[in-house]
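Peer 1: Before we start, here is the structure in question, set down as structure tokens.
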Amino acid sequence: MREVIPAFFIDDFLDFHSESLHILLNEPAAMPESLVFPSVFPETAERTVQYSETDLNGHMNNSCYLDWMDDLLDVAFHRCHIIRSLQINFVSEVQTGQTVTIHWLLEDRLLFVKGCFDGRQIFAVRAIFQ
């Protein structure tokens, strides 16, 4: 016979987590630390923003920046490592059809990625893998 598990209602959740939710909603979040990058990036790639990577305004969707980061690393690396920490700074928008130059450096388990368009930085990522 199958065990019946009682339903967990939203009221129960809110009662149980009310103090945590109060802190989350009412206390200001800490500002992330500034990203400090190496002065030289030995690797460079180019990506053109595709229509499927954009939102209704024609701007690249935030999640696609991380897809681009993932595509820089080979499958063998991904099979042996998971992201432990990630920080991304969105500096400027990029639109469909624009080609972004991606500068990157992987040192052991620390990945630095900087995307530039038309001579200006548009995003920066620092990922720590384990």
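Every number in this text was worked out from the coordinates using simple rules, so none of it is lab data. Small disclaimer: the values here were computed from a predicted structure and weren't measured. Neighbour counts are summed over all protein chains in view; Cβ atoms, including those assigned to glycine, are modelled from backbone coordinates with ideal geometry.
Peer 1: What is the distance, in nm, between label points placed 7 Å from the Cα along the Cα-to-Cβ direction at residue 76 and at residue 39?
Peer 2: 3.2
Peer 1: Right, another one. For region 43-129, take N as its residue count and report Rg(C-alpha) divided by 2.2 N^0.38 Å.
Peer 2: On the way: Rg = 12.8 Å, N = 87, 2.2 N^0.38 = 12.0 Å.
The reported ratio for this selection is 1.07.
Peer 1: Continuing with this model, one more query. On full extension of the chain, what length is gained from residue 57 through residue 84, given 0.36 nm per residue of separation minus the C-alpha to C-alpha distance? Let's see the in-between values first.
Peer 2: Working: separation 27, 0.36 × 27 = 9.72 nm, distance 3.19 nm.
The residue 57-residue 84 span can extend by a further 6.5 nm.
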